[in-house]
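Trainee: There's a structure below that I have some questions on.
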């Protein structure tokens with residue numbers, strides 16, 4: 001067996017708590033990441049852990065696949081995601097979150113997978129697929145994270161929006177000042193149209209669907 005490893009790291013203009021929200025916001029994947037994800041179903045979720053079935057297409061090799069993923073907070077700075085594929089392969093992902101200040105953080109993802117075969121042949125392809133996946137989803141997630149941080153500082157609340165906008169009143173005192181973003185898990189989501197049916201991508205192709 002060959003142990004394949006890939007590591008990707010980027011910085012974000014938002015606190016790490018917003019990134020945690022983003023990783024646990026399963027609902028956005030079939031919209032924001034519609035190029036890769038087609039469907040997901042939350043099988044179990046409580047506090048800081050979840051068990052999710054996802055259906056997606058891998059970049060470069062264009063392989064359609066699915067996996068059963070268990071994700072949990074190992075610490076305030078580390079998310080673990082263990083994904084078990086239908087072929088018996090397991091992808092172990094560590095998401096390290098480091099503060100770089102009140103409005104900035106670094107995200108470092110380390111991926112590991114055991115595969116039968118010579119590592120010298122499999123490692124380059126593994127790194128290419130993972131790096132492309134990380135980069136493409138990062139580009140799609142980053143604007144959403146930044147927008148959330150901006151409106152959060154204005155007083156935004158999930159499924160309620162901005163109170164002073166809803167009530168058509170003057171902007172509330174202190175809006176725009178630093179407002180710490182809490183980690184509240186599980187993340188609220190839109191109820192499934194049929195309980196237990198999951199969430200599917202609304203369109204096969206689109207310029208942008210999601211947040």
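The values are calculated or read from the model by the stated rules, or taken from the named source; none is laboratory data. Because the structure is a prediction, the values reported are computed rather than measured. Quick reminder, even Gly has a Cβ in these numbers, built from the backbone with ideal geometry, and neighbours come from all protein chains shown.
Trainee: Under 17 Å from the mean Cα position of the chain (by Cα), closer than 28 Å to residue 188 by Cβ and without any contact (Cβ under 8 Å) to a residue 40 or more places away in the chain - does that describe any residue in region 94-106?
Mentor: Yes - at least one qualifying residue is present in region 94-106.
Trainee: Looking only at region 143-163, which residues are on the phi > 0 side of the Ramachandran plot and buried (at least 17 other Cβ atoms within 10 Å of the Cβ)?
Mentor: 155
Trainee: Here is a list: 52, 20. Which entry is within 21 Å of residue 201 (Cβ to Cβ), surrounded by 18 or more Cβ atoms within 10 Å (Cβ to Cβ) and under 13 Å from the mean Cα position of the chain (by Cα)?
Mentor: When all the criteria are applied, what remains is 52.
Trainee: Against the condition more than 14 Å from residue 83 (Cβ to Cβ) and assigned to a helix (DSSP H, G or I), how does residue 29 come out, does it pass?
Mentor: No.
Trainee: Identify all residues within region 55-67 that are closer than 19 Å to residue 138 by Cα, exposed (fewer than 14 other Cβ atoms within 10 Å of the Cβ) and in contact with a strand residue (DSSP E or B) (Cβ under 6 Å, 6 or more places away or on another chain); write none if there are none.
Mentor: If the condition is that a residue be closer than 19 Å to residue 138 by Cα, exposed (fewer than 14 other Cβ atoms within 10 Å of the Cβ) and in contact with a strand residue (DSSP E or B) (Cβ under 6 Å, 6 or more places away or on another chain), then 57 is the only one that fits.
Trainee: Residues in region 24-40: is at least one more than 20 Å from residue 199 (Cβ to Cβ), touching a residue at least 12 places away in the same chain (Cβ under 8 Å) and more than 12 Å from the chain's Cα centre (by Cα)?
Mentor: Scanning region 24-40 turns up no residue that is more than 20 Å from residue 199 (Cβ to Cβ), touching a residue at least 12 places away in the same chain (Cβ under 8 Å) and more than 12 Å from the chain's Cα centre (by Cα).
Trainee: Would you check if there is a residue in region 32-48 being assigned to a helix (DSSP H, G or I), crowded, with 19+ Cβ neighbours inside 10 Å and modelled with pLDDT under 95?
Mentor: Looking only at region 32-48, we keep the residues that are assigned to a helix (DSSP H, G or I), and these are 32.
Pick out the ones that are also crowded, with 19+ Cβ neighbours inside 10 Å and you get 32.
With modelled with pLDDT under 95 added as a condition, the list becomes 32.
Checking region 32-48: at least one residue is assigned to a helix (DSSP H, G or I), crowded, with 19+ Cβ neighbours inside 10 Å and modelled with pLDDT under 95.
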